[in-house]
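Just so it is clear, none of the values below were taken in a lab; they were calculated from the coordinates. Predicted model only: the values in this text are computed from it and were never measured. All Cβ positions, even for glycine, are placed from backbone atoms using ideal geometry, and neighbour counts span all protein chains on display.
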Amino acid sequence: MNVSPYLLLKNSIANAISAQVENSLELWAKSWDLPVENTASCVPASQYKADFFLNAHWGQRHLQNGSTVWFHIPETLARGLEQSVFGLDKADATVERNKSASFAGKVIVEALDELIDKIITAICQLEIQPESAVFSPPTHLFKRGSGAVICEISIGANVLRVLLPAAAIPQIGKTQTARSKLGLTSLHEALKKTPVNLHVEVSDAELTLGYLSTLAIGDVLKLPNKLDQTLRVMTADHITVCNAHLGSSAGSLAIEVVKPH
């Protein structure tokens, strides 16, 4: 049996990621002259069900270390930004045939792509590679202990979500690499230095309650055991470990193991 610790999202890592995202959001909003209040928070991906993501349309970015980051931009966010940036009313912003709305839509797509790239670069500190294969997030990322993180980014009334595997997050990836270098330790090896209390049962004795009440210092109790009779060596919860003989060693009482249990 091998023991391997879960990759857990520490508060310090979650706060660091959130701060990086909020800083990227602030710079992006200023460049587009958007007075939108933005907030970001990070949670383990295991808090979400995989179906929530697999049923939605996800974009992705491939990173130079071979990992992939997924993101989901709600349609309402794009429409809201069209109205904020270009002053289009709700009707114009959703009519594809309208030239101004069509132009606005393309610009907003570019703006959101820029935002995604800024966020991923800030968190992962890795170069984004050209698009290659497109695939959905694997379900194992949503299992407890995967180390995957979901960053929830509130932009106005909309929430943009970024799914980051552990390999894409430097703070978690370094911990994972350090642990892998150390290797796994067998349970037997891990327990070798654990102290255990043992008890030696010399004998039992049967006394009357009247005789017990008269016991005094110096009284001698006769035991039914012979000197060469084996004794039981037990743990604190009375599990027999081995049999032994009573003896002495270097002037101290000792036992000699004669038969493992």
Normalised contact order of segment 195-260, rounded percent, pairs of Cα under 8 Å and 6 or more residues apart: 28 percent
For residue 114 paired with residue 250, estimate the spin-label separation in nm (one decimal), with each label point 7 Å from Cα along the Cα-to-Cβ line. 7.8 nm
